[in-house]
1. Return the long-range amide H neighbours of GLN292 (sequence gap of 5 or more, or a different chain), with a cut-off of under 5 Å between placed amide H atoms.
2. Mean-square fluctuation check for the chain, GNM, Cα pairs under 10 Å: which of PRO196, PRO88, PRO13 is largest?
3. Using the heavy atoms of the protein chains and a 1.4 angstrom probe, tell me the accessible area per residue for region 1-87 in square angstrom.
4. Report the calculated FRET efficiency for LYS209 and THR69 (r = Cβ-Cβ distance, R0 = 51 Å), to the nearest 0.05.
5. Mind running the shape call on the chain? Use the C-alpha gyration tensor, a ≥ b ≥ c as the square roots of the eigenvalues: rounded below 1.5 for a/c, prolate if a/b tops b/c, oblate otherwise.
6. Tell me which lysines have Cα within less than 26 Å of LYS209's Cα, excluding those fewer than 8 residues away on the same chain?
7. Restricting to Cα pairs below 8 Å that are 6+ residues apart, what does the relative contact order work out to for the chain? Please round to a whole percent.
8. Could you compute Rg(Cα) / (2.2 N^0.38 Å) for region 16-95, with N its residue count?
Amino acid sequence: MGSRLIGYGSYLPEKIMTNQDFEKIMDTTDEWIVQRTGMRTRHFAADNETVVDMAAVAAQRALDNAGMTIDDIDMIICATTSPELDFPSVGVQVLGRLGASRNQPAFDVRGACTGYIYAMHCARAFFTAGMHQRIMLIGAEKMTRFVDFNDRSTAVLFGDGAGALIFEHSSSGYSGIIDTVVMADGREFDMLHGTPDHKIAMNGPETYKRAVTCMPEAASYIMEHAGISADNVDWIIPHQANLRIINSGAQRLGFPLNKIIVTVDKHANTSGASGVLALSYALDNDIIKKGQLILYPAFGSGLTWGAALIRI
Ligand code: UT7
């Protein structure tokens, strides 16, 4: 019992914020940002643009790509950490926006930057149990809601956007979401967290140290579980938090740099949307091809981390 990817779509807000734009409003430089993070641009949602707005556009594009309507979908799982409303879920609001009429279930997963892997883990469980035929997985974030422009150490790191993937149940266990692993360590929650006044608090260097070990750990677990090595994997799509973390993780795993999908330079860190946006980007640009195997490690606040193995 498995799944297959039958549609994808993404949305990035129109406004692009460059490193040079940051130079004008805070004590930072393009050189520092590029050297320390690999980031060059990020998309900023408009003031009145919400997570639901972005998620609904990405979802509709995924439906168009699959040649379907929302009522062909049996469930929405949305990874988000930045919804404007505490309730109802972004997933349910997307159902409403797209005019769903079948009372199909929808819910959000709050896994921060590992959110889309947690969502894939849930989707895989539902497919394995044979409970749902088609699941839409959304990653959508307005991280700029939390950006403190007085804190240069975090302000430059984040961007907004949304991506959606549609998976359909399949009798083959070797396509779609083949395997997932998710982990969490709540003892370290204060390394990276949201504050009561909706700002980001992060110990960057400590978070960095954990990211460069946790992502390879989860990726290695998945490869060992699947009985494969780095040679069998066509692409690695790591969570896009920092190019140095991405390159160091790939090196630890024995992946050549030309097998890594990188969007952190264009999108910066979009948290729970990052991996979904990166896959959409790679498919849109014909980088990833049908039949290829993708390893998907992620790491974020919680601490949470995990990985997925996906065949397109
Ligand atoms: O997505 C969830 C997971 N998140 C992550 O994995 C992020 C992990 N952490 C990181 O990516 C890195 O720690 C950062 C990119 C956040 C920071 O890079 P770093 O190399 O760890 O820098 P640092 O925090 O050790 O700061 C080094 C220096 C400091 O100055 P002093 O004390 O050496 O004089 C900072 O004040 O860089 C300074 N600095 C900046 N300078 C210019 C911090 N932010 C900036 C900035 N522009 N924007």
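The values are calculated or read from the model by the stated rules, or taken from the named source; none is laboratory data. Worth saying up front: this structure is predicted, and the values here are computed from it rather than measured. Virtual Cβ from ideal backbone geometry, glycine too; neighbours counted across all protein chains shown. Only protein heavy atoms, including side chains, enter the accessible area calculation; ligands, DNA and RNA are left aside. Shrake-Rupley method; radii C 1.70, N 1.55, O 1.52, S 1.80 Å.
1. Excluding prolines and chain starts, which carry no amide H, the hits are ILE312.
2. PRO196
3. Values: 4120 Å² over 87 residues.
Here the per-residue accessible area is 47 Å².
4. Step by step, r from the Cβ atoms, then E = 0.65.
5. oblate
6. Here the lysines satisfying the reach criterion relative to LYS209 are LYS142, LYS199, LYS259, LYS266.
7. Relative contact order here is 26 percent.
8. 1.49
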